[in-house]
Amino acid sequence: MLIVESHKDVPTQHGGDMRIFLFTPSIPNYPQAKFPGVVVFSEIYQVTGPVERFARQIAGHGYVVAAPSSYHEFTGPAALAYDGPGTDAGNAWKVEKKLSAYDEDATLSIDTLIGLENCNGRIGTTGMCLGGHLAFRCATDKRVRAAVCYFATDIHSHSLGAGKNDDSIGRVKHIHGELAMIFGKRDNHVPPEGRDLIRKTLHEAGTTFSFYEMAWAQHAFIRDELSKGRYDPALAGICFQILLELFGRTLNGDLGPREGDGGEVEDVC
């Protein structure tokens, strides 16, 4: 499936325009095709190369993907580097940004997807690290049918946003879609007792969810970037199949009627 990439700059109430990067499937001869929408929340480095490639993978399976830049109150939409200064900036902004601003970003991202002519209105969400937590919060929006949260940080410690006192784990009763929670057992950002708390809370709330812990995986093991020595492509591939199974079962596409023939094949290399 071909992909068209673009972006929208969306005004926010909390400061600055939020750039939403869009990754859109394109099927020749199906101009009326409609696809489910997926919000992809990034880690603390904003929409980096690994996040873009993750979004393209999802779009390539028939989903319109919106990837918002989370730190529009503090900086432009450019990604932060996977280095000391980039990490320090991302971690600082993560706890300076208001929870209400994170929630506004999620609402605007869903609104943007639903407003697209080629989105069928069925919404899923996913994200890694900070983005896993944001996908978890986004799932409290009644329009979200499914969420895949990769190594979601700060849920167990209530430490997201200004004041470091978020209410995410207390909002599970508002999650009506299905969740997949994915962690590495060697993840020291979300220790065993933190994962146990999340699992227990979801059970007690009656949430429909799957919970996965990969035996040898560290934090950020799906990020296809090697500087931190954590990327495990085999496990990342398995976890992507979990995402495809959940989204494929809970979200549906609509190609519409076929139009035209195959046309001429372009002579390109």
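Tell me, which residue of the stretch 22-45 that is of a type in the set (Phe, Trp, Tyr) and not in a strand (DSSP E or B) is surrounded by the fewest Cβ atoms within 10 Å (Cβ to Cβ)? The residue in question is Tyr30. Taken together, the residues in the stretch 86-110 that are hydroxyl-bearing (Ser, Thr, Tyr) and within 15 Å of the chain's Cα centre (by Cα) amount to 3. Of all residues in the stretch 82-99, those that are part of a helix (DSSP H, G or I) and either surrounded by 14 or more Cβ atoms within 10 Å (Cβ to Cβ) or touching a residue at least 12 places away in the same chain (Cβ under 8 Å) (or both) total 10.
In the stretch 173-198, what residues are of a type in the set (Gly, Ala, Ser) and more than 15 Å from Arg230 (Cα to Cα)? Explain how you work it out, then say what you get.
To start, the set of residues in the stretch 173-198 that are of a type in the set (Gly, Ala, Ser) comprises 177, 180, 184, 194.
Within the stretch 173-198, Gly177, Ala180, Gly194 qualify.
Restrict the check to the stretch 161-181 and report whether at least one residue is touching a strand residue (DSSP E or B) at 6+ places or on another chain (Cβ under 6 Å), over 26 Å from Asp105 (Cβ atoms) and at pLDDT 95 or above. Spell out the reasoning first.
As a first pass, look at the stretch 161-181 and keep what is touching a strand residue (DSSP E or B) at 6+ places or on another chain (Cβ under 6 Å): 177-181.
Right, trim to over 26 Å from Asp105 (Cβ atoms) and you get none.
Within the stretch 161-181 (the criterion being touching a strand residue (DSSP E or B) at 6+ places or on another chain (Cβ under 6 Å), over 26 Å from Asp105 (Cβ atoms) and at pLDDT 95 or above), the answer is no, since none of the residues qualifies.
Of the residues contained in the stretch 143-150, one or more are found to be over 26 Å from Lys34 (Cα atoms) and in contact with a helix residue (DSSP H, G or I) (Cβ under 7 Å, 6 or more places away or on another chain). Filtering the stretch 146-156 for residues that are of a type in the set (A, V, I, L, M) and either more than 26 Å from Tyr231 (Cα to Cα) or surrounded by fewer than 18 Cβ atoms within 10 Å (Cβ to Cβ) (or both) leaves an empty set. Take the conditions outside any helix (DSSP H, G or I) and modelled with pLDDT of 95 or more and apply them to Gly124. Does it pass? The answer is yes for Gly124. Annotation: of all residues in the stretch 58-81 being assigned to a strand (DSSP E or B) and of a type in the set (Val, Ile, Thr), the one that is farthest from the chain's Cα centre (by Cα) is Val64.
Would you confirm whether or not the stretch 219-236 contains a residue that is under 19 Å from the mean Cα position of the chain (by Cα), over 24 Å from Thr24 (Cα atoms), among the β-branched types (Val, Ile, Thr) and surrounded by 14 or more Cβ atoms within 10 Å (Cβ to Cβ)? No, there is no match, as no residue in the stretch 219-236 is under 19 Å from the mean Cα position of the chain (by Cα), over 24 Å from Thr24 (Cα atoms), among the β-branched types (Val, Ile, Thr) and surrounded by 14 or more Cβ atoms within 10 Å (Cβ to Cβ). Output yes when any residue across the stretch 100-112 is without any contact (Cβ under 8 Å) to a residue 40 or more places away in the chain, surrounded by fewer than 19 Cβ atoms within 10 Å (Cβ to Cβ), assigned to a loop (DSSP other than H, G, I, E, B) and of a type outside the set (D, E, K, R), and no when none is. No, the stretch 100-112 has no match at all.
Would you check which residues across the stretch 237-255 are in contact with a Lys or Arg (Cβ under 8 Å, 6 or more places away or on another chain) and at pLDDT 75 or above and list them? The answer is Thr250, Leu251, Asn252.
The values are calculated or read from the model by the stated rules, or taken from the named source; none is laboratory data. A quick note: this is a predicted structure, and the numbers were derived from the prediction, not measured. Methodologically, a virtual Cβ is constructed for each residue, glycine included, from the backbone with ideal geometry; neighbour enumeration extends over all protein chains shown.
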